[in-house]
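Working notes for the structure below.
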Amino acid sequence: MFDRFGMPNTSMIWSPDFRKNLADGWDLNGKVEPHDERSAVRAAGSMDTTIEDFARFAAAFIRGEGLSPAARAEITRPQIAITTRTQFPTLQPELPLAERRSDLAAGLGVISFIGPQGRGFEKGGHNDTTGNSWVCVENRRSCVILLSNDVRSEAKFPDLVRFILGETGAPYSWTKSLP
């Protein structure tokens with residue numbers, strides 16, 4: 001996949017070539033955490049990439065390149081209703097039906113949402129020192145990618161997405177548990 005989309009600086013396993021473009025992480029207290037040079041694949045969090053490489057992936061994704069139309073539709077189709085107030089902590093009680101967000105569902109690897117600009121997708125992740133998110137608006141075929149080596153930056157992700165794309169309805173109150 002990385003070759004197909006011209007992503008030479010992306011891998012699921014650490015490569016010494018990445019060291020020249022490396023950013024250590026910063027935790028909530030401003031303490032530096034050295035970058036984790038993973039030697040084994042962890043599908044949910046071992047990818048190293050650059051903003052340039054990931055932008056190529058997001059652009060191909062929103063244009064529907066690299067997948068059959070049926071496969072892309074299946075990935076982005078709302079698969080499972082989201083029934084909790086926030087993504088984390090896991091295993092929290094489900095909300096009563098009247099309080100659940102009908103505009104929000106889990107796809108296969110993305111969160112599908114309906115916002116003021118129509119259908120969109122969000123995928124993010126973080127650990128104690130880094131945060132990332134990408135938001136795409138399908139009708140506009142536009143995406144924004146946010147990669148940060150300071151977990152404290154996540155609080156500004158909603159403002160940055162609004163500044164760049166306008167109000168999308170990206171579900172940060174669910175995915176990032178932000179106020």
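Just so it is clear, none of the values below were taken in a lab; they were calculated from the coordinates. Note that the coordinates shown come from a computational prediction; the quantities given were computed from them, not determined experimentally. Don't worry about glycine lacking a Cβ; one is built from the backbone with ideal geometry, like all the others, and counts go over all protein chains shown.
When region 162-179 is limited to residues that are in a loop (DSSP other than H, G, I, E, B) and charged (D, E, K, R), the one that is surrounded by the fewest Cβ atoms within 10 Å (Cβ to Cβ) turns out to be Glu167. Taking region 116-149 as the range and being surrounded by fewer than 20 Cβ atoms within 10 Å (Cβ to Cβ) and assigned to a loop (DSSP other than H, G, I, E, B) as the test, the residues that pass are Pro116, Gln117, Asn127, Asp128, Glu138, Asn139, Arg140, Arg141, Asn149.
Asp159 - would you say it is of a type outside the set (S, T, N, Q), under 30 Å from Ala23 (Cα atoms), touching a helix residue (DSSP H, G or I) at 6+ places or on another chain (Cβ under 7 Å) and surrounded by fewer than 19 Cβ atoms within 10 Å (Cβ to Cβ)? For Asp159, the condition - of a type outside the set (S, T, N, Q), under 30 Å from Ala23 (Cα atoms), touching a helix residue (DSSP H, G or I) at 6+ places or on another chain (Cβ under 7 Å) and surrounded by fewer than 19 Cβ atoms within 10 Å (Cβ to Cβ) - is not met. From the set of residues in region 55-83 that are in contact with a helix residue (DSSP H, G or I) (Cβ under 7 Å, 6 or more places away or on another chain) and in contact (Cβ under 8 Å) with a residue 12 or more places away in the chain, which is surrounded by the fewest Cβ atoms within 10 Å (Cβ to Cβ)? The extreme case among them is Gly66. Looking across region 3-58, the residues that are part of a helix (DSSP H, G or I) and more than 26 Å from Phe121 (Cα to Cα) come down to Pro16, Asp17, Phe18, Arg19, Lys20, Asn21.
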